[in-house]
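Okay, so here's the structure we're looking at.
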Amino acid sequence: MPRILVVDDEPSILSVLSTILRAEGYEVVPENNGEKAQALIKEQDFDLLLCDIYMKPVGGMDILQFARHDSPSTSVIMLTAYGSVETAIKALKLGAFDYVTKPFKVDELLITVQRALAYRTALTENADLKAMLTTKYRMENIIAESPSMKNVCEMIRKVAPTDTTILIYGESGTGKELVAKAIHTQSPRKEKKFLAVNCAALPEPLLESEMFGHVKGAFTGAASDKQGLFEAVSGGTIFLDEIGSMPLSIQGKLLRVLQEKEVRRVGSNENIPVDARVLAATNTKLESLIQEGKFREDLYYRLSVIPIQIAPLRERQDDILPLIYHVIRAETPEGKDLPTLDPEASHVMEIYNWPGNVRELENAIKHALAFATDGRIKPGDLPAKVVESAKSAPSPATAGQNQPGSLDAERGKSLRAFLRQKEKEYLQQVLSLTRGNKEEAAKALKISLATLYRKLPDSEA
Ligand SMILES: Nc1ncnc2c1ncn2[C@@H]1O[C@H](COP(=O)(O)OP(=O)(O)OP(=O)(O)O)[C@@H](O)[C@H]1O
Ligand SMILES: [Mg+2]
């Protein structure tokens, strides 16, 4: 959900604008004081700034210049009184995306807002490496350019301050643990511990004692008393990874701990009060485990008060390039030049379907960095699997085409030209299926509207 900062010192206009934009589903932060607006721009990320020009003492032009300097990726629309076109033009020269004259027509305002947001997305996507790196991401460490990942960040922001149990769904490598950590670090428990346990990695007795502790002599090898995670985390967050693999007997005990907020160490009769927030993750649908009698339904309802679903990487194309740059930056020692990414290599990675999700992408980049000796990542530096399947597998660029033969027919063209051509053909097919409706097409292709526009030839965009 795009975030919009609306600045106007006229309370009635501020409230009308906020209402209209919220009704469209935008997240709106209203502000009537120019100085405070600048502080907000400094502290938070906004996709769009909608700002009145005439305000005192800090005027709209000052805020515009401040925003362009401090947060260049935020689009700016200025609000100006009817008849002051000269000032409006000055604003455009200073980097505003557009202006809207007051009194404004709602339709006109909304269209300008949509265009400014689409422009911003296109800009961020096309930005060169350096610009990419200066982009302030909405949540530290979590790359979220795709609508679905932005939605996940939004959820994190909402649920973090509460003490609710969260169940995180996602295929392997999609970032479940990352999301769990983000919830912890944005919660009031952030100064306390974050402890993780992988329920699939430990045999039943060990998992039980790991979670709840044991007393000396509780079982062979229990040479002394031991605290479990629920006690050790004291006020922090416990992350139960792969909860679908938790044995039924432990599920029952966990349910009790969640309800009573007390643990009993293995081999003891004493109840010890605990304070732990529980986050859980799974890559299998717990519903089907319930059907099979492998997961307790009551525990499921207790855990999944709020579910967060992380989409597989192949369904959020918009995240691929930003993730690549994120990894390149993380892997390059400070002070060394950042390697660049050849367009062919970036294209191959954009159409590969990433069965191992972000983890696989990370590994592919690390592999490429080890092979790229001249500071440039080329397709040949990527794992063979990625390049090969980009050439042959049904991907958005080749699906539905007359396959293997067409590859032969295209021999001699560069891989990039070939892929571009196939992608163009596929886009046309989808567009004709949606009778030219670009929004529907973008949805079907699981890319943003801005990405679709970027990929279309100028004549059709
Ligand atoms: N949106 C993202 N932005 C930045 N890094 C990400 C993102 N998603 C995942 N990663 C990185 O990808 C790697 C895998 O993420 P993580 O371990 O959280 O996934 P997981 O879903 O827990 O995987 P598994 O099911 O294999 O345990 C980590 O290094 C993580 O930092
Ligand atoms: Mg994990």
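Being without any contact (Cβ under 8 Å) to a residue 12 or more places away in the chain and polar (S, T, N, Q): is that true of Thr174 here? For Thr174, the condition - without any contact (Cβ under 8 Å) to a residue 12 or more places away in the chain and polar (S, T, N, Q) - is not met. Of all the listed residues (Ala397, Ala368), the sole one being closer than 21 Å to Ala345 by Cα, at pLDDT 70 or above and not β-branched (Val, Ile, Thr) is Ala368.
The listed residues are Val152, Val159, and the only one of them that is more than 13 Å from ligand 1 (Cβ to nearest atom) and either at pLDDT below 95 or buried (at least 22 other Cβ atoms within 10 Å of the Cβ) (or both) turns out to be Val159.
Residues in segment 64-80 include at least one that is outside any helix (DSSP H, G or I), touching a residue at least 24 places away in the same chain (Cβ under 8 Å), among the β-branched types (Val, Ile, Thr) and over 29 Å from Ala442 (Cβ atoms). The numbered conditions (1) surrounded by fewer than 17 Cβ atoms within 10 Å (Cβ to Cβ); (2) within 30 Å of the chain's Cα centre (by Cα) are all true for Pro30 except (1).
Filter segment 272-286 for residues that are in contact with an Asp or Glu (Cβ under 8 Å, 6 or more places away or on another chain), among the polar types (S, T, N, Q) and surrounded by fewer than 22 Cβ atoms within 10 Å (Cβ to Cβ) and give the result. Residue satisfying the conditions is Asn283 alone.
This table checks each residue for (1) assigned by TED's automatic domain parsing to the domain that holds Asp298; (2) modelled with pLDDT of 95 or more; (3) within 27 Å of the chain's Cα centre (by Cα).
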site: Leu248; (1), (2), (3): yes, yes, no
site: Leu254; (1), (2), (3): yes, yes, no
site: Glu260; (1), (2), (3): yes, no, no
site: Val263; (1), (2), (3): yes, yes, no
site: Val274; (1), (2), (3): yes, yes, no
site: Leu279; (1), (2), (3): yes, yes, yes
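Among the numbered conditions (1) among the hydrophobic types (A, V, I, L, M, F, W, C); (2) surrounded by 17 or more Cβ atoms within 10 Å (Cβ to Cβ); (3) under 29 Å from the mean Cα position of the chain (by Cα), the only one that Val305 does not meet is (2).
Checking Asp9, Asp45 one by one, the residue that is over 24 Å from the mean Cα position of the chain (by Cα), in a loop (DSSP other than H, G, I, E, B), surrounded by fewer than 22 Cβ atoms within 10 Å (Cβ to Cβ) and of a type in the set (Asp, Glu) is Asp9 and no other.
The values are calculated or read from the model by the stated rules, or taken from the named source; none is laboratory data. In this text, all values refer to a predicted model and were calculated from it rather than measured experimentally. Cβ: placed from backbone, ideal geometry, glycine included. Neighbour counts: every protein chain shown.
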